[in-house]
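Worksheet for the structure shown next.
The values are calculated or read from the model by the stated rules, or taken from the named source; none is laboratory data. All values derive from a computational prediction rather than experimental measurement. All Cβ positions, glycine included, derive from the backbone under ideal geometry; neighbour counts span all protein chains shown.
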Amino acid sequence: MSLFAWVTLGVGGLTLVLGLLLLIRGPSWLKRTRPIQLGVVALSGVATYKLVAFFAIAALPVATLGAAHVELLEGAKSVEACAGCHVMWPMVNDLHDPASDSLAARHFKNRYIQGEECYHCHSGYGFNGALSAKLEGYRHLVRYTTGIYQEPIRMRGKFDTASCLNCHEGTRPFEAINSHHVASERLAEGTMSCTNCHGPAHPTRSERTPGDAHYQGLMRDPL
Amino acid sequence: MKLEIVLTLVAVLIAIGFVLSRNAYLMGATVFVATPLLVVAVVYYLARVIRELRDHDVL
């Protein structure tokens, strides 16, 4: 577990204890207590109650939820997080399949990307890229948890070729291929995609449709 | 202050549940249920604090 997960558990646990104490024993219990000496400050019963209430209702829960959100956003980068939704199982199974020749599987088995493989290709670079990937993640979450989607899923919009070029452009193997220079303008404009020649990136929609020979193998739980 | 405490406890329980058992539904509950509940609780709490400060002529 990450640091933020531990913070969520620790601070959240403390919030639960304080909250339950206030709820079960009631405010009169703290208001009746004798003044508590904190260094040079003496807290009356009412002041103690207000201080405990501030921590139980505002400070600690905000810290708990804040840590949970950081954990959620950082954890969402992992392949396991993507595999948390069954609609992504075909992509994850294919990614890990050494026999697969899809673009994603080739990147995985050659270790072109070291971890967080889905996030690397499906988020743009820089702050805007990270922000739009997170907003897109929230949209996916709404659609998945409310069931507003159709299987097999399809990608919304076009894949940003800049995500490929950011790593490949300028490398020796890339520059050695003449067709890359011929297509460079169309790739930059977005009228041509890398997958036109090197695709498909993932199992096709027909392979992800019930009845297809690949369907059962792709739909097993990868976790 | 019972309402604020209950809302807070529910929100924190959901967040703890998500950290212990990561799945899309608890992730969704943390974002779309727990966070709004906590916002409501904090707003109610702040309104109470401001009201009390006004009663004591501090604000």
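Can you tell me which residue within the range B:20-36, out of those that are of a type in the set (Gly, Ala, Ser) and more than 7 Å from chain A (Cβ to nearest Cβ), is farthest from B:Val10 (Cα to Cα)?
Step by step, filter the range B:20-36, then rank; the result is B:Ser21.
What about A:Gly124, is it under 21 Å from A:Lys158 (Cα atoms) and in a loop (DSSP other than H, G, I, E, B)? I'd like the intermediate steps shown before the answer.
Working: under 21 Å from A:Lys158 (Cα atoms): yes; in a loop (DSSP other than H, G, I, E, B): yes.
In short, yes.
Taking the condition of being hydrophobic (A, V, I, L, M, F, W, C) and touching a residue at least 24 places away in the same chain (Cβ under 8 Å), how many residues in the range A:193-221 meet it? Break it down into steps so the answer makes sense when it comes.
Start the filter on the range A:193-221 by keeping residues that are hydrophobic (A, V, I, L, M, F, W, C), which leaves A:194, A:197, A:201, A:213, A:218-219.
Then keep just the ones that are touching a residue at least 24 places away in the same chain (Cβ under 8 Å); that gives A:194, A:201, A:218-219.
Total satisfying the criteria: 4.
Select from the range A:117-160 the residues that are at pLDDT 90 or above and touching a Leu at 6+ places or on another chain (Cβ under 7 Å) and list them in ascending order.
A:Glu117
Out of the residues in the range A:124-162 that are hydroxyl-bearing (Ser, Thr, Tyr), in contact with a Ser or Thr (Cβ under 8 Å, 6 or more places away or on another chain) and in contact (Cβ under 8 Å) with a residue 12 or more places away in the chain, which is nearest to the other protein chains (Cβ to nearest Cβ)? Spell out the reasoning first.
First, pick out the residues of the range A:124-162 that are hydroxyl-bearing (Ser, Thr, Tyr): A:125, A:132, A:138, A:144-146, A:149, A:161.
Right, trim to in contact with a Ser or Thr (Cβ under 8 Å, 6 or more places away or on another chain) and you get A:125, A:132, A:161.
When the remaining residues are screened for being in contact (Cβ under 8 Å) with a residue 12 or more places away in the chain, the result is A:125, A:161.
On the way: A:Tyr125: 25, A:Thr161: 29 Å.
Taking the candidates together, the pick is A:Tyr125.
Answer yes or no: is there a residue in the range A:28-40 that is surrounded by 15 or more Cβ atoms within 10 Å (Cβ to Cβ) and modelled with pLDDT of 85 or more.
Scanning the range A:28-40, I find no residue that is surrounded by 15 or more Cβ atoms within 10 Å (Cβ to Cβ) and modelled with pLDDT of 85 or more, so the answer is no.
From (1) surrounded by 17 or more Cβ atoms within 10 Å (Cβ to Cβ); (2) assigned to a helix (DSSP H, G or I), pick out the condition that doesn't hold for B:Arg22.
(2)
Taking helices (runs of 4 or more DSSP H) that do not extend beyond the range A:1-96, which have at least 3 residues that are acidic (Asp, Glu) and within 10 Å of chain B (Cβ to nearest Cβ)? Give the derivation first.
Details: elements: A:3-25, A:27-31, A:45-53, A:60-75, A:79-82, A:89-95.
Helices (runs of 4 or more DSSP H) meeting the threshold: none at all.
What pairs come up if the first residue lies in the range A:92-115 and is over 16 Å from A:Gln216 (Cβ atoms), the second is crowded, with 18+ Cβ neighbours inside 10 Å and among the aromatic types (Phe, Trp, Tyr), and their beta carbons are under 6 Å apart, counting only those six or more places apart or on different chains?
These pairs meet every condition: A:Leu95/A:Phe108.
Taking the range A:130-182 only, how many residues are exposed (fewer than 13 other Cβ atoms within 10 Å of the Cβ) and either touching a Cys at 6+ places or on another chain (Cβ under 9 Å) or under 15 Å from A:Met192 (Cα atoms) (or both)?
Qualifying residue count, the range A:130-182: 5.
Of the residues A:Ala67, A:Ala99, A:Ala83, A:Ala56, only one is surrounded by fewer than 21 Cβ atoms within 10 Å (Cβ to Cβ) and either modelled with pLDDT of 95 or more or more than 20 Å from the chain's Cα centre (by Cα) (or both); which? Write out each step before concluding.
Details: A:Ala67 fails: surrounded by fewer than 21 Cβ atoms within 10 Å (Cβ to Cβ); A:Ala83 fails: either modelled with pLDDT of 95 or more or more than 20 Å from the chain's Cα centre (by Cα) (or both); A:Ala56 fails: surrounded by fewer than 21 Cβ atoms within 10 Å (Cβ to Cβ).
Just one listed residue meets the conditions, A:Ala99.
Go through A:Thr195, A:Thr191, A:Thr204 for me and flag whichever is β-branched (Val, Ile, Thr) and over 25 Å from A:Ala99 (Cβ atoms). Please lay out each step first, then the result.
Working: A:Thr195 fails: over 25 Å from A:Ala99 (Cβ atoms); A:Thr204 fails: over 25 Å from A:Ala99 (Cβ atoms).
Every option except A:Thr191 fails the conditions.
State which residue pairs qualify: first residue within 8 Å of chain A (Cβ to nearest Cβ) and inside the range B:37-51, second residue outside any helix (DSSP H, G or I) and surrounded by 14 or more Cβ atoms within 10 Å (Cβ to Cβ) in any location, beta carbons under 8 Å apart, and separation of 6 or more residues or different chains.
What qualifies is B:Tyr45/B:Met1.
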